[in-house]
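Below you'll find the structure, written out as structure tokens, and then a few comments.
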């Protein structure tokens, strides 16, 4: 490959800062549904976990003063653009929702929405079928939180049908919405939910820049300080990921600013047409002898994908790429700019089993190509491959059958690289909800860490 030229710092800074403006500053002029998600009531506190009955009352009164009308999830999905609507949502179907939240909201005249894990109904600590019927009769909405609280984005088509299908004949017409467990969903999950007759979904995360997707409504994480912060959060849609989003675009832009660096090749595994396996957004930061940042943001059928490499090789080379992708199912097309000039890409969905993708851009005055794919042949199993001019990578990743009710948070992976970075590698990943940390060891005892948040 030709010698990579030195790159002035301003193009990559402009790309990253442009992404920052697009992705971290949602416009307050257009109101979005304000969804407050809780789990237990009266027994636990903390971000998006629990709330006391008194605090719940204060949240409702605060949003009413701000001009919000309280509705259920399906009503929020159909609300006119710009109308201020709020949803009080409870995930997992804990019995404390009936015992402590239901009386407060009934007194205030506010309908709630509870998302039930169907396999836990009538179990100790969970709602009973009789309580579910009473909540419905009082104007509450009862949605599905899947059959067993699986990580839906890790399932094969058969697993998705099992988890999203009606749990009983009497539920087929009564359930309209799904709350995706652990905030993990993708285009495959959203399509299957629609096939099962669901017409709205709650995905978590900050609000979109444009109109919310009814199959992936935002639900910013609550905080223990919402008695003070709720007016600000309702205006801007801020949640716990706001600092991550800002850091994800600003730090690569400022990294090495003011000094010339040689230009690196794009990351081998970067898919500029990321859509089929994307929820509403993703941000990851990895350190493995270099610094690799990825950010993706979905708006309806569009997605924006950013990749930044820093500190590559002894010359501390850098790369920044930014692409916009349009989904024309089953094909996604992408175009954009990177450190070397124009960037093009595309992806093809594999009928619910994953996708294959390709990318080409200018590096050193020549077109630099790459291709890859992700195959999901069975629940919680992924086969990953990527190849570019510098080498090939093949890997297998699987989740251990432990804590299945929490989406099997522990995952192991292994694989081999040919060419650049040649040799075997192994990784271990642990997930906490929609966040994960992964560690990798490769040939020569090279160690790497990757932090990821999805929504």
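Quick notes on this structure:
- Selected residue [closer than 30 Å to residue 383 by Cα and part of a helix (DSSP H, G or I)] from 231, 267, 252, 243: 252
- Which numbered condition residue 261 misses (of (1) within 30 Å of residue 55 (Cβ to Cβ); (2) touching a strand residue (DSSP E or B) at 6+ places or on another chain (Cβ under 7 Å)): (1)
- In region 132-151, the condition of being on the phi > 0 side of the Ramachandran plot and buried (at least 24 other Cβ atoms within 10 Å of the Cβ) is met by at least one residue.
- Set 278, 322, 333: member being more than 21 Å from residue 190 (Cβ to Cβ), at pLDDT 95 or above, in contact with a strand residue (DSSP E or B) (Cβ under 7 Å, 6 or more places away or on another chain) and outside the structural domain of residue 154 (by TED's automatic domain parsing): 322
- Strands (runs of 3 or more DSSP E) enclosed by region 311-351 - at least 3 residues per element that are under 19 Å from residue 293 (Cα atoms): 317-328, 331-338
- Those residues of region 398-426 which are under 16 Å from residue 181 (Cα atoms) and more than 28 Å from the chain's Cα centre (by Cα), in sequence order: none
- Residue within region 287-299 that is in the same structural domain as residue 262 (by TED's automatic domain parsing), under 20 Å from the mean Cα position of the chain (by Cα) and outside any strand (DSSP E or B) present: no
- Residue that is farther than 21 Å from residue 32 by Cβ and touching a helix residue (DSSP H, G or I) at 6+ places or on another chain (Cβ under 9 Å), where the choices are 239, 213, 227: 227
- Of the helices (runs of 4 or more DSSP H) entirely within region 102-176, those holding at least 3 residues that are over 23 Å from residue 51 (Cα atoms) occupy 129-137, 157-164.
Conditions tested, residue by residue: (1) outside the structural domain of residue 259 (by TED's automatic domain parsing); (2) surrounded by fewer than 17 Cβ atoms within 10 Å (Cβ to Cβ); (3) within 25 Å of residue 210 (Cβ to Cβ).
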{"position": "314", "(1), (2), (3)": "no, yes, no"}
{"position": "346", "(1), (2), (3)": "no, no, yes"}
{"position": "349", "(1), (2), (3)": "no, no, yes"}
{"position": "362", "(1), (2), (3)": "no, yes, no"}
{"position": "368", "(1), (2), (3)": "no, no, no"}
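- Cβ separations smaller than 6 Å between residues 6+ apart or across chains give the following pairs from region 111-131 residues that are in the same structural domain as residue 56 (by TED's automatic domain parsing) and closer than 17 Å to residue 149 by Cα to residues that are part of a loop (DSSP other than H, G, I, E, B) and at pLDDT below 95: 118/167.
- Candidates 394, 384, 412, filtered to the one that is closer than 23 Å to residue 347 by Cβ and free of Cβ contacts under 8 Å to residues at least 40 places away in the same chain: 394
- Selected residue (criterion: nearest to residue 115 (Cα to Cα)) from residues of region 199-222 that are outside any loop (DSSP other than H, G, I, E, B) and in contact (Cβ under 8 Å) with a residue 40 or more places away in the chain: 202
- Qualifying residue in region 256-263 (condition: within 30 Å of residue 146 (Cα to Cα), surrounded by fewer than 18 Cβ atoms within 10 Å (Cβ to Cβ) and touching a residue at least 40 places away in the same chain (Cβ under 8 Å)): no
- Within region 67-109, the residues that satisfy the criterion of being under 27 Å from residue 210 (Cα atoms) and in contact with a helix residue (DSSP H, G or I) (Cβ under 6 Å, 6 or more places away or on another chain) are 85, 86, 87, 90.
- Positions within region 423-455 being without any contact (Cβ under 8 Å) to a residue 24 or more places away in the chain and at positive phi, in sequence order: 423, 444, 445
The values are calculated or read from the model by the stated rules, or taken from the named source; none is laboratory data. Keep in mind the model is a prediction, meaning the values are calculated, not measured. Methodologically, a virtual Cβ is constructed for each residue, glycine included, from the backbone with ideal geometry; neighbour enumeration extends over all protein chains shown.
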